[in-house]
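What follows is a short report on a single structure.
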Amino acid sequence: MIEVLRAGPLTTVQDLGRPGFAHLGVPRAGALDGPALRLANRLVGNAPDAAGLEVTAGGCSLRLRSAGTVALTGASAPLSVDGRPAGFGLPVPVPAGAVVTAGRVVHGVRSYLAVGGGIAVEPVLGSRSTDTLSGLGPAPLRDGDRLPLGEPATPSTVDFVPWQPPPASLALRITLGPRADWFTPEAVAALLGTAYTVSPVSNRVGARLTGAALTRAEAAELPSEGVVLGAVQVPASGQPLIFLADHPTTGGYPVIAVVDDVTPLAQAAPGTTVTFHGSER
Amino acid sequence: MHTRRAGAGALLIECADGAEVEAWRAELWRRRERGELAAVEIVPGARTVLLDGLADPAETAGLVAGWAPPPAAGTAQGPLIEIIVRYDGADLASVASEWEVPVSQAVERISGTELRVAFCGFAPGFAYLTGLPWPVPRLDTPRPRVPAGSVALAGEYAGIYPTASPGGWRLVGSTDAILFDIDRDPPALLAPGTRVRLVPA
C-alpha cells in the first residue's frame with residue numbers, strides 16, 4: 001500500500017495500455033515513454049507490463065507502508081527517501097513508512113516511478129492505465145489517495161544504467177499519408193523542410209506544434225476515419241498535432257503523415273524543436 | 001477499394017460507401033478470427049477501415065487486394081438490439097420542422113427505421129448509427145453538457161451519448177440503456193455491425 005502525500009500537477013497510473021478496443025472508441029492509453037516504464041519495472045524486479053506512476057514535470061511525494069524498492073526513470077528528477085538523496089535510474093531500497101519524493105524534473109517531462117510489486121489497482125479492459133481523454137482507468141492521483149501494491153519480486157542488482165538527457169531538438173522519422181494528397185505540395189515541403197516547436201498546450205492526447213501552417217489542397221470535409229498513434233493531424237488552423245497514447249480512435253481532420261516512433265515526444269518539453277524526415281534519409 | 005499507408009504499422013482501406021465499409025469490416029473480422037490476418041485493431045470509419053498493429057503493411061495490402069471483393073453487406077447480418085427510447089428530446093421539434101413533417105411522424109421515421117452501427121468513436125461506446133435517409137444539420141452552437149443516454153441526430157447519423165459530455169447533435173430522446181460497461185464483454189452495447197431499433201417507450 002502506498003499513500004499519496006502530494007500528487008503533484010499530474011501523476012497517473014500507467015502500464016502498457018489497452019490496445020484492441022479502438023473499434024469501440026476506446027483509446028489505447030499507456031505510458032507515453034514505454035521504454036522508461038519498462039526500465040523502471042526491470043529495476044525493481046517487476047514484469048515489464050506492471051503498472052507504475054507517470055509523474056509529470058512537478059514531481060510527487062508518497063509514503064510506503066511496507067518496506068520495498070522503488071526506481072525512478074524517464075525525465076531526470078531528484079529522488080529522495082525521507083529527505084536523503086537517492087539514485088536516479090537505480091533500484092532504491094525504502095524502509096517501511098518512509099517518504100519517497102520525486103522532485104521537479106530537470107530534463108524531460110515525464111518521470112516513471114516503479115514500486116516493487118507494481119501498482120495493483122483494479123484493471124479496466126485489461127489495463128490499469130489512466131486514460132485522460134475518456135476517463136477510463138483510475139483517476140489522476142490526488143493527495144490522500146491510497147494505492148494497493150502487488151507481491152514484490154527480487155529487485156535487479158544493477159548499479160549503473162546509462163542515461164542521456166532528451167535532446168533540445170528532435171528529428172522524427174515519418175511516413176507520409178494516409179492523407180498527404182489532401183495538402184498542397186508546399187505544405188508537404190514545409191512539413192519536411194521547416195522546424196516546428198512543441199507548444200505548451202501539449203498533453204497525453206497529443207503534442208501540439210507551432211510553425212509553418214499546412215495548407216489544404218482538398219477543402220472537402222473528411223468523413224471520420226480511424227487514426228493511429230503518431231498520426232500528424234492537421235486541424236483547420238493548419239498547425240499540426242501529433243497523436244499520443246490518449247488520442248481519440250477516429251478523427252475528422254486529415255492526417256498528413258505518421259511519426260514512426262512517438263516515444264521521444266514523451267520527454268519533449270515545450271519549446272523543443274521538432275523536424276521531420278522521410279525514411280529515405 | 002483502395003489502400004493507403006498509415007504509418008509504419010497500419011493500412012487504411014478506402015471504400016466507396018458505408019455499405020462497402022461494413023462488408024470489409026465483417027470480412028476482415030472473419031479473416032482475423034480464422035488466423036488469416038494479424039491485426040491488433042480493425043477500426044471502421046465512415047468511408048474507411050483501418051488495420052493497425054500490422055507487422056508488414058505492404059504485405060497485408062497485397063493480401064487484402066487478393067481478397068477483394070468481399071460479400072456484400074447484409075449477407076451475414078449482425079445481432080439486432082432494441083433500445084427503448086423516450087422521444088422527449090429538446091430538438092425533436094426542430095428535427096421535425098427540418099424534415100417538414102409533424103413531430104409524431106418524425107418519431108415514426110426514427111423508430112421505424114432499422115439502423116446499423118457504422119463505426120464507433122468520440123467516446124467509448126459512442127456508436128454512429130447509419131440508416132436514416134434524412135440528414136439533419138448539427139446545432140450551430142454545441143451544448144456544453146448533454147446528459148448520458150441522450151439520443152441524438154447529426155448529419156447522416158444517429159447516436160446515443162454513453163456519458164455526459166459537450167455535444168452538437170440534435171437531441172430527439174433519451175434512454176436508460178447502458179451503452180458502455182467495463183464489466184461486460186464486449187464492453188460496448190453497440191459494436192460495429194450491430195443492427196439497432198430505437199423503439200418508443
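The values are calculated or read from the model by the stated rules, or taken from the named source; none is laboratory data. Since this is a predicted model, take the numbers as computed values, not measurements. Methodologically, a virtual Cβ is constructed for each residue, glycine included, from the backbone with ideal geometry; neighbour enumeration extends over all protein chains shown. We work out accessible area using only protein heavy atoms, side chains counted, and drop any ligands, DNA or RNA first. Shrake-Rupley method; radii C 1.70, N 1.55, O 1.52, S 1.80 Å.
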Review point. Could you give every pair whose Cβ atoms fall below 7 Å, whose first residue belongs to the stretch B:36-52 and is more than 7 Å from chain A (Cβ to nearest Cβ), and whose second residue is of a type in the set (S, T, N, Q), counting only separations of at least 6 or pairs across chains?
Key: B:L51/B:T60
Review point. Which is open to solvent by less than 50 Å² (accessible area, probe 1.4 Å), without any contact (Cβ under 8 Å) to a residue 40 or more places away in the chain and away from chain B (no Cβ under 13 Å), of A:P235, A:P240?
Key: A:P235
Exercise for review: Report yes if some residue within the stretch A:9-17 is within 14 Å of another protein chain (Cβ to nearest Cβ) and either closer than 24 Å to A:E122 by Cβ or not polar (S, T, N, Q) (or both); otherwise report no.
Suggested key: yes
Point to revise | Among the candidates A:P178, A:P248, residue that is open to solvent by less than 50 Å² (accessible area, probe 1.4 Å) and under 20 Å from A:D131 (Cβ atoms) | key: A:P248
Practice item. Please enumerate the residues belonging to the stretch A:91-107 that are open to solvent by 40 Å² or more (accessible area, probe 1.4 Å) and assigned to a loop (DSSP other than H, G, I, E, B). Key: A:P95, A:A96, A:R104, A:V106
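Whether any residue in the stretch B:120-137 is touching a His at 6+ places or on another chain (Cβ under 8 Å) and open to solvent by less than 40 Å² (accessible area, probe 1.4 Å) is what I want to check.
The answer is yes; a qualifying residue exists.
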Check your understanding: Consider B:A38 against the criteria (1) assigned to a helix (DSSP H, G or I); (2) surrounded by fewer than 19 Cβ atoms within 10 Å (Cβ to Cβ): it satisfies all of them except one. Which criterion is unmet?
Key -> (1)
Practice item. Give the residues of the stretch A:257-271 that are among the polar types (S, T, N, Q) and surrounded by fewer than 23 Cβ atoms within 10 Å (Cβ to Cβ), sorted by residue number. Key: A:T263
Point to revise | Residues of the stretch A:243-281 satisfying the condition of being free of Cβ contacts under 8 Å to residues at least 60 places away in the same chain and touching a Ser or Thr at 6+ places or on another chain (Cβ under 7 Å) | key: A:G251, A:G252
Point to revise | Condition check for A:T132: touching a Cys at 6+ places or on another chain (Cβ under 9 Å) and of a type in the set (S, T, N, Q) | key: no
Point to revise | Hey, B:A8 exposed (fewer than 15 other Cβ atoms within 10 Å of the Cβ) and within 14 Å of chain A (Cβ to nearest Cβ) or not | key: no
Practice item. Select, from B:A201, B:A164, the only residue that is farther than 28 Å from B:R30 by Cα, within 14 Å of chain A (Cβ to nearest Cβ) and surrounded by fewer than 20 Cβ atoms within 10 Å (Cβ to Cβ). Key: B:A164
Study note, to complete from the structure: Among strands (runs of 3 or more DSSP E) entirely within the stretch A:1-90, at least 3 residues that are crowded, with 21+ Cβ neighbours inside 10 Å occur in A:10-14, A:52-56, A:60-64, A:68-76
Check your understanding: Among the residues of the stretch A:161-169, is any closer than 24 Å to A:V228 by Cα and either surrounded by fewer than 17 Cβ atoms within 10 Å (Cβ to Cβ) or without any contact (Cβ under 8 Å) to a residue 60 or more places away in the chain (or both)?
Key -> yes
Review point. Could we say that B:L12 is closer than 22 Å to A:V26 by Cα, assigned to a loop (DSSP other than H, G, I, E, B), without any contact (Cβ under 8 Å) to a residue 60 or more places away in the chain and not basic (K, R) here?
Key: no
Check your understanding: Among the residues of the stretch A:269-276, is any within 12 Å of chain B (Cβ to nearest Cβ), β-branched (V, I, T) and closer than 26 Å to A:Y112 by Cβ?
Key -> no
